[in-house]
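Notes follow the structure.
The values are calculated or read from the model by the stated rules, or taken from the named source; none is laboratory data. Quick caveat, the model's predicted, so the values are computed rather than measured. As a convention, Cβ positions derive from the backbone with ideal geometry for all residues, glycine included, and neighbour counts pool all protein chains shown. All accessible areas refer to the heavy atoms of the entire protein, side chains included, with ligands and DNA or RNA removed. Shrake-Rupley method; radii C 1.70, N 1.55, O 1.52, S 1.80 Å.
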Amino acid sequence: MAALSRLPIAGSETWLAPGNVYFQSAGERVAADGNTVPPTQHAEFADYLAAASFVHSADSWAYLGRAIHAILQGDVHGAVHLCYYAELRAAISLLSSEGIYVGNRCTLALASSGAGEITGAGTHVAAWMVLNSWARSTRAQDLIGKILRPIGAPLHEWANNMGSGITPIVEGLLDDIAFDLSSFSEDRKRRNHVSYQPTRIEPDDLSAQDCAQIVDDVWTLLEPESRGTFPVLDRLLLRHLAVGVYAPTHEETDAQGVPTGRTEWGDWSSWLTSIAPGGVERDPYFVSIRTAPEDASRDSALQAAFARSHGAPSAYLREMLARTTILARLATGACVELLDDSGLGVHDVSTWVVGLGEARALWSDDVPDPMVDLWADAQVAKEELELSSKTSHHALMKGMREYLAVLGQAERVAAWSFAS
């Protein structure tokens with residue numbers, strides 16, 4: 001596989017124009033051109049990739065929403081199937097925003113010197129192979145260091161204050177959430193199993209209580225603060241990363257100086273304060289983790305992302321969903337970064353966002369202004385979920401009524417991330 005060395009793609013002055021040669025059937029066009037991009041069409045191809053990254057991101061959230069709906073109906077196997085496609089679309093979105101086209105047996109990287117073919121593998125194999133390679137690149141570390149913003153400060157500022165720099169921090173995070181080729185390949189095998197094998201020869205169900213908790217955890221992670229932000233998710237990732245840096249160098253020892261396998265937390269408060277970027281010291285979450293670094297109840301929504309379960313779908317669904325949510329968050333952040341870097345604004349994508357919202361019934365009458373108000377409906381639905389009876393799946397669905405549809409509309413995240 002060729003090295004992924006290229007320049008970031010440029011944005012277009014308007015959303016993808018119908019006259020763009022890649023507007024319809026981009027794959028057929030690339031194939032007709034001999035699995036490459038003629039130099040005269042580089043600009044149009046870059047515009048196509050930029051637009052495609054946003055669409056794939058929205059499609060990723062849509063699949064995730066359908067997976068959530070399946071979970072609430074007790075359909076574990078269907079949820080895994082949909083979750084895999086949410087994961088795949090997020091991967092393709094992220095790669096598209098980086099100038100990498102993943103097509104049918106043709107994956108190209110667009111650079112200033114031209115479009116080079118990376119691999120001729122099929123879409124599923126190519127997406128995970130290229131994403132795995134990209135994730136270990138300096139470009140990926142820099143991008144993730146910018147788009148994750150725990151407590152309002154970019155991750156690279158926290159990492160630099162830790163003394164290690166961004167590279168080991170991002171590499172550690174990606175390893176912790178199984179962001180690698182082996183895990184993505186395993187998820188594809190899981191998709192194949194739930195999609196093609198009979199599902200109830202040996203029933204594999206989760207209780208209504210468990211399903212409701214999984215969905216509640218996902219929506220907890222998605223709460224926004226403003227356009228393109230994921231404050232809850234980013235804060236939880238920060239705590240995990242900070243503990244991961246602190247613990248190995250602060251091992252508790254017994255009276256004989258032998259490590260006990262536990263962490264000595266005596267210096268935690270002062271150490272965390274020393275690495276904090278200016279202006280975050282009074283943030284309530286920062287204060288809470290400085291006081292008590294370990295709190296399972298506070299951080300439970302994210303913990304599944306760091307687990308490794310095997311066996312039946314009911315054993316790993318929660319983990320797969322958490323990893324998918326993080327990947328979709330990264331893809332969305334990359335799109336927002338692309339929009340900002342290109343000098344464009346939300347007005348350049350607002351018509352597309354409004355069309356998406358109306359097509360998916362995200363609002364009844366007037367377009368929300370600001371778009372982040374779409375969270376209010378999700379918050380109400382989340383509260384109803386917490387209060388609803390969970391004695392059975394029938395009781396849960398009956399109690400949720402119209403709120404069930406809202407919890408399945410995860411494309412709300414794309415709408416409030418890309419438009420204000």
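Between A361 and R136, what is the label-to-label distance in nm when each label sits 7 Å out along the Cα-to-Cβ direction?
So the label points at A361 and R136 sit 4.6 nm apart.
If you roll a 1.4 Å probe over the heavy atoms of the protein chains, what accessible area per residue do you get for the chain, in Å²?
On the way: 17570 Å² over 420 residues.
With the other protein chains kept in place, the chain gives 42 Å² per residue.
Starting from the coordinates of the alpha-carbon atoms of segment 103-239, obtain the Kirkwood hydrodynamic radius over all distinct pairs and give the value in Å to one decimal. Walk me through the intermediate numbers first.
Working: mean 1/r = 0.0553 Å⁻¹.
Radius from the Kirkwood sum: 18.1 Å.
Taking 7 Å along the Cα-to-C-beta vector as the label spot, tell me the E117-A395 distance in nanometres, rounded to one decimal.
6.0
For K390, go through the lysines and keep the ones whose alpha-carbon is under 16 Å away, minus same-chain ones fewer than eight residues off.
Within the straight-line cut-off, K390 pairs with K382, K398.
What FRET efficiency comes out for the pair K189/T220, r = Cβ-Cβ distance, R0 = 35 Å, nearest 0.05? Provide the component values of the computation, followed by the final result.
On the way: r = 29 Å, r/R0 = 0.83.
Computed FRET efficiency for K189 and T220 comes out at 0.75.
For T263, enumerate residues with amide H under 5 Å from its amide H, sequence gap 5+ or separate chain, H modeled in the peptide plane.
Under 5 Å from the amide H of T263 lie the amide H atoms of E252, each far enough along the sequence or on another chain.
Answer with one residue from Q209, A127, L317: the one whose Cα lies farthest towards the positive end of the charge dipole of the chain, charges on Cβ with Lys, Arg +1 and Asp, Glu -1.
A127
Mean residue ellipticity at 222 nm from the helices of the chain, using -39,500 (n - 2.57) per DSSP H segment of n ≥ 4 over the full residue count, to the nearest 500 deg cm²/dmol?
Details: 19 runs with 246 residues, N = 420.
Mean residue ellipticity, 222 nm, calculated: -18500 deg cm²/dmol.
Across the Cα atoms of the chain, what radius of gyration and what greatest pairwise Cα-Cα distance (Dmax) are found, in Å?
Cα-based Rg and Dmax for the chain come out at 21.9, 75 Å.
Please identify the DSSP H helices in the chain that span no less than 18 Å along the helix axis (Cα) and have a mean Kyte-Doolittle hydropathy of -1.0 or more. All intermediate terms of the calculation are to be shown ahead of the outcome.
Working: long enough: 42-72 (45 Å, 0.50); 76-97 (31 Å, 0.82); 181-196 (22 Å, -1.55); 208-222 (22 Å, 0.50); 231-246 (22 Å, 0.90); 313-341 (41 Å, 0.39); 374-387 (21 Å, -0.09).
Membrane-span-like by this criterion, though nothing is claimed about a membrane: 42-72, 76-97, 208-222, 231-246, 313-341, 374-387.
Evaluate E = 1/(1 + (r/R0)^6) for E383 and D204, where r is the Cβ-Cβ distance and R0 equals 30 Å; express this FRET efficiency to the nearest 0.05.
Working: r = 30 Å, r/R0 = 0.99.
Given R0 = 30 Å and the Cβ-Cβ separation, E is 0.50.
Given +1 on the Cβ of Lys and Arg, -1 on the Cβ of Asp and Glu, and no further charges, what dipole in debye does the chain carry about its Cα centre, rounded to the nearest 20?
Values: 31 positive and 53 negative charges, 173 e Å.
About 820 debye.
If you stretched the chain out fully between N104 and N161, how much longer would it get, using 0.36 nm times the residue separation minus the C-alpha to C-alpha distance?
On the way: separation 57, 0.36 × 57 = 20.52 nm, distance 4.34 nm.
Taking 0.36 nm per residue and subtracting the Cα distance, the gain is 16.2 nm.
By how many nm would the segment from L181 to T351 grow when fully extended, if each residue of separation counts as 0.36 nm and the alpha-carbon distance is taken off?
So the extension gain works out to 57.6 nm.
Where is the GNM fluctuation largest for the chain (alpha-carbon springs, 10 angstrom cutoff): D205, D365, D254?
D254
Simple spin-label model, 7 Å along Cα-to-Cβ: A43 to A315 in nm?
5.6
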